[in-house]
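Heads up: the structure comes next, in structure tokens.
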Amino acid sequence: MWVASRRITRLAKTQRKALCGGCKLKKIDKNQYTAYGNKGTKTSIVTFLDILGYRNYVKDADGPLNDKLALLKQTVEKGYKYVRDDIFPKQSDSQRFWETKTFSDNISIFYPLRNGQIFAPGHDTCSDNIVLALFHVTSLLASLQMEMIRSGGFFVRGSIAVGEAYVDDNFIFSDGLIEAYESENKDAIDPRIIFSKSAAESIDKYIENGSNGDRFDYLYGITKDADGLYYVDYLKHLEDESEFSKDNFLDIHKEYLTKKINDFKNDPKCLRKYLWSVNYHNRFCGSVGMTDKILQV
């Protein structure tokens, strides 16, 4: 059998060589920012995320450090499954439609646009304007948020911007990332992913110019908060998200929020952040008639 296997392998190599005329198969650069020798920036949707409570999580004496590493790494990788794989099916010979970078408690996600569209070679483009591209990114980020909570009890804060970016294995250059970082740092405050000025302006312009009510479905899961900032309404995606059971996830959400409230009851600054999440949780539960899931604090 081993000899037969070697013969099959040699035959396959011979056939491949014949098909390409003896040429060497060229490796595909899957990074759209560097493919085909590109050395410049691309207009992109850029997201900067901060994992809340990271410092306390690492420094807390409760549990071995390597166990904490394993949980956080596993949780982030599960969350990445959505931002990396869920728009298009995997194709081994296709370029990626995303680039992701993680450093400490920070996650940066880049979606290069082509003529205002998220584009993956071998597939139809999935958006015909910036707002629809933002809608797709919002759906993916909502799933990432829910997975981070479900798998490890990690809440994130962040911001989405539209700007220029260049990303390779060792280097990031992006005015969009600067805007997203500054917006996350100054404006997000609570465990929410907001839309920075550049992204919010695209949404406002879209609403202002919209005439067909059906088109506003593109804003599903994008909600304006009391302070006037748009944010990713991740719980709203429970209504059509097959991978997350609404009933089960709300129990998990409630359980982790209860823990956060107890953990930070003597830390007013941190407590304030999670009280926003409690109010958000309770508003959603009330809106879908699941008052038994409401968290009393």
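Some notes on this structure:
- Test result for residue 295, aliphatic (A, V, I, L, M) and within 20 Å of the chain's Cα centre (by Cα): no
- Restricting region 46-74 to residues that are of a type in the set (A, V, I, L, M) and part of a strand (DSSP E or B) leaves a set whose member that is farthest from residue 198 (Cα to Cα) is 51.
- Selection status of residue 180, among the hydrophobic types (A, V, I, L, M, F, W, C), part of a helix (DSSP H, G or I), touching a residue at least 40 places away in the same chain (Cβ under 8 Å) and not assigned by TED's automatic domain parsing to the domain that holds residue 291: yes
- Count - residues of region 223-248 that are under 14 Å from residue 143 (Cβ atoms) and at pLDDT 95 or above: 4
The rows are residues; the columns are (1) of a type in the set (Ser, Thr, Tyr); (2) part of a helix (DSSP H, G or I); (3) within 29 Å of residue 252 (Cα to Cα).
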position	(1), (2), (3)
137	no, yes, yes
143	yes, yes, yes
149	no, yes, yes
157	no, no, yes
191	no, no, yes
194	no, no, yes
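- Sub-9 Å Cβ pairs linking a first residue in region 282-297 that is in contact (Cβ under 8 Å) with a residue 24 or more places away in the chain to a second residue that is surrounded by 10 or more Cβ atoms within 10 Å (Cβ to Cβ) and outside any helix (DSSP H, G or I), at least 6 apart or interchain, are 284/233; 284/290; 285/294; 285/295, ordered by first then second residue.
- Set 54, 80: member being at negative phi, at pLDDT 50 or above and buried (at least 16 other Cβ atoms within 10 Å of the Cβ): 80
The values are calculated or read from the model by the stated rules, or taken from the named source; none is laboratory data. Quick caveat: nothing in here was measured; it's all calculated off a predicted structure. Here Cβ is always computed from backbone atoms with ideal geometry, including for glycine, and neighbour counts include all displayed protein chains.
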